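One structure is given here, and the rest of the page talks about it.
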Amino acid sequence: MTEHPDLAGLQRRLAEFAAARNWQPYHTPKNLVAALSVEASELVEIFQWLTPEESARVMDDSDTAHRVTDEVADVLAYLLQLCEVLGIDPLTALSAKIDRNERRFPAPGADDAP
């Protein structure tokens with residue numbers, strides 16, 4: 001069984017991969033955001049003309065599932081690299097955002113709790 005990678009380890013691997021190829025000068029926040037957008041668009045392209053029902057079954061076809069998985073990985077890779085460059089802890093940022101959203105959008109009946 002393969003060990004599940006941790007976020008910091010993946011960020012380290014991405015940084016080492018870029019450093020070994022001297023790509024750091026190109027990994028500016030602007031370039032990383034642009035690359036993130038391109039990869040997210042490639043993910044959108046897979047789903048673009050599918051019905052809601054077809055989109056729910058996208059992982060049933062092995063070729064399409066492979067494409068979706070690769071694009072998700074690309075999006076996450078660029079997002080993690082952007083976080084690294086900007087000094088953002090993505091898990092802390094997400095947790096704080098969920099906290100804010102829970103306050104902004106309380107669940108129905110949340111105010112009725114004892």
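Numbers below:
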{"quantity": "For the chain, built as a Gaussian network whose Cα springs stay under 10 Å, the top-fluctuating residue of LEU91, LEU79, LEU36", "calculated": "LEU91"}
{"quantity": "Surface share of carbon and sulfur [accessible, 1.4 angstrom probe, percent] for the chain", "calculated": "58"}
{"quantity": "Gyration tensor verdict on the chain (Cα atoms; rounded if a/c is under 1.5, prolate if a/b is larger than b/c, oblate otherwise)", "calculated": "oblate"}
{"quantity": "Solvent-accessible surface (1.4 angstrom probe) belonging to THR92, in square angstrom, nearest 10", "calculated": "90"}
{"quantity": "Extension gain, ALA107 back to GLU3 (0.36 nm per residue minus Cα-Cα distance, nm)", "calculated": "33.8 nm"}
{"quantity": "Accessible solvent surface per residue of the chain, calculated while the other protein chains remain in place, 1.4 angstrom probe, Å²", "calculated": "78"}
{"quantity": "ILE88 - accessible surface, heavy atoms, 1.4 Å probe, Å² rounded to 10", "calculated": "70"}
{"quantity": "Kirkwood-based Rg to Rh ratio, segment 8-66, C-alpha trace", "calculated": "1.15"}
{"quantity": "Exposure rank, largest accessible area first [HIS27, HIS66; 1.4 Å]", "calculated": "HIS66, HIS27"}
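The values are calculated or read from the model by the stated rules, or taken from the named source; none is laboratory data. If you're wondering where the values come from, they're calculated on a predicted model, not measured in any experiment. Just the protein is used for accessible areas: all its heavy atoms, side chains included, with ligands, DNA and RNA removed. Shrake-Rupley method; radii C 1.70, N 1.55, O 1.52, S 1.80 Å.
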